[in-house]
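The values are calculated or read from the model by the stated rules, or taken from the named source; none is laboratory data. Just so we're clear, the structure is a prediction, and the values are computed from it rather than from any experiment. Glycine also receives a Cβ, built like all others from the backbone with ideal geometry; neighbour counts cover every protein chain displayed.
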Amino acid sequence: MRMAIKTYDAEVHVVVGILWREGRLLAARRPEGKVLGGYWEFPGGKVEAGESAEEALRRELREELAIEVQAAFFWKSMHHQYPHGPVLLDFFQVTSFTGEAKPLASEALRWVLPHEALLMDFLPPDLPLLQELAESSATDIRL
């Protein structure tokens, strides 16, 4: 059975949270049956009209993981062209949050070391960032 994929021409703005706990980052597995299902990714989602990127990050992580972001900082942006359309990804390092992450919108969650994440089937735009995180020391990128 083939799944219909919604396509779009205008660039979609997406926020992405790289959550840290004891030197490990949180990986979320996209549900099978959804677009790009089965891939691992950093949690996040679309910025809604009238929202800042930081507001969207806090909302998305609350909705997807049942956590409250306490401290996050913008890290970098990236444009990516998926077959279904272009996206602008704003990546944030989330260094403090309350609550225990739950897979409310994911098939599974895993806390992994950056070099372990390189062995997982992550979404294509995440791969160069994972490589950078794996090569960097803890003090270079995160708290």
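A few remarks follow.
- Selection status of Leu89, buried (at least 16 other Cβ atoms within 10 Å of the Cβ) and over 22 Å from Ala134 (Cβ atoms): no
- Complete set of residues in region 72-102 that are of a type in the set (Val, Ile, Thr) and more than 16 Å from the chain's Cα centre (by Cα): Thr98
- Residues satisfying the stated conditions in region 105-123, i.e. surrounded by fewer than 14 Cβ atoms within 10 Å (Cβ to Cβ) and touching a helix residue (DSSP H, G or I) at 6+ places or on another chain (Cβ under 7 Å): His115
- Meets criteria (loosely packed, with under 15 Cβ neighbours inside 10 Å and not aliphatic (A, V, I, L, M)) for Asp126: no
- Lone qualifier among Phe74, Phe42, Phe91 - being closer than 24 Å to Val12 by Cβ and in contact with a Lys or Arg (Cβ under 8 Å, 6 or more places away or on another chain): Phe91
- Residue match in region 93-109 (condition: on the phi > 0 side of the Ramachandran plot, in contact with a Leu (Cβ under 8 Å, 6 or more places away or on another chain) and modelled with pLDDT of 95 or more): yes
- Criterion applied to Glu48, Glu41 was being under 15 Å from Asp121 (Cα atoms) and of a type in the set (Asp, Glu), and the one residue passing it is Glu41.
- Residue, farthest from Trp75 (Cα to Cα), within region 8-33, restricted to residues that are part of a loop (DSSP other than H, G, I, E, B) and within 16 Å of the chain's Cα centre (by Cα): Pro31
- Test for Val69: is it modelled with pLDDT under 95 and not charged (D, E, K, R): no
- Elements of type strands (runs of 3 or more DSSP E) contained in region 53-143, each with 2 or more residues being touching an Asp or Glu at 6+ places or on another chain (Cβ under 8 Å): 68-82, 85-98
- Residue check, Lys46 at pLDDT below 95, of a type in the set (Lys, Arg) and either more than 30 Å from Ser136 (Cα to Cα) or surrounded by 12 or more Cβ atoms within 10 Å (Cβ to Cβ) (or both): no
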